[in-house]
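Nothing in this text is a laboratory measurement; each read-out follows from the coordinates by a stated rule. Just so we're clear, the structure is a prediction, and the values are computed from it rather than from any experiment. Note that we place each Cβ from the backbone using ideal geometry, even for glycine, and neighbour counts take in every protein chain shown.
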Amino acid sequence: MDLCPEKNGDKPELAPTWSNLTAHLPWTPGQDMETTAGMRVFTSVMLHAWRQRRADVRRLQKVVEHLQRKTMYSKNDLLVSNTLMRVEQKRCLELQLELKRSTLNISQVRSSCDQLTNSVLSLNTEKEQLESDLENCRNEFVELQKRANQMADNLHAAQLKQRHLKLQLSMEQAKVQQLMEEKQQQQMRNLESSYKEREDAYLLELEEKSEALRKMRSTIERLEQELRRDQNM
């Protein structure tokens, strides 16, 4: 709304006055009637002009009141805006602090993740080493198991051989005992014969028995040596 109806650079129009209207007219005696009529016309014009000016004044007053209300609203809006701005600034500071804390927490979490990653890598390396050691232990255990089985088989074979040698030794000892008994019996028989015949036969038989006994003893000694050698294995 334009508060100044006059254009920039234009002078405001002056309200017409009676002197302005009659200044250029010559005076005559018959002008009283015309002057009275002119005064009426002038008065009517002036009243109309003043009414119009009063309407303009009222309009301007309404405009001023509107602007005052608008200014008051603007001040209220400005106050609210300032309050909101301070609230937003405070909120912005709080968000900045929260962002800093979040950034710090993220850094700490990232550091923890890096440490966990290194720990996992170390554990994986240790796990691989342990798996390799376990595989080596298993292979060594299998090899030792094979050797133990082989030694058990060898021990069983040695025990069987030892029992066989003991059996042979018992048999040879029984034979020796039998030969000794036969020798004694033969000696008794030889005593009953004539001395000469018995002596020759006895010497011959004794020599044979002695040779057999020597062989038996040699065999027994050999078996005992083998038995001791098997026991020492």
TODO: Mind giving me the nanometre distance, one decimal, between the label points for Val176 and Thr117, set 7 Å out from Cα along Cα→Cβ?
DONE: 8.7
Open item on the list: Need the full-extension length gain, Met85 to Lys146, defined as separation in residues times 0.36 nm minus the C-alpha distance. One decimal, nm.
Closed with: 13.1 nm
Task: FRET efficiency estimate (nearest 0.05) - Cβ-Cβ, His66 to Val45, R0 30 angstrom - done: 0.45
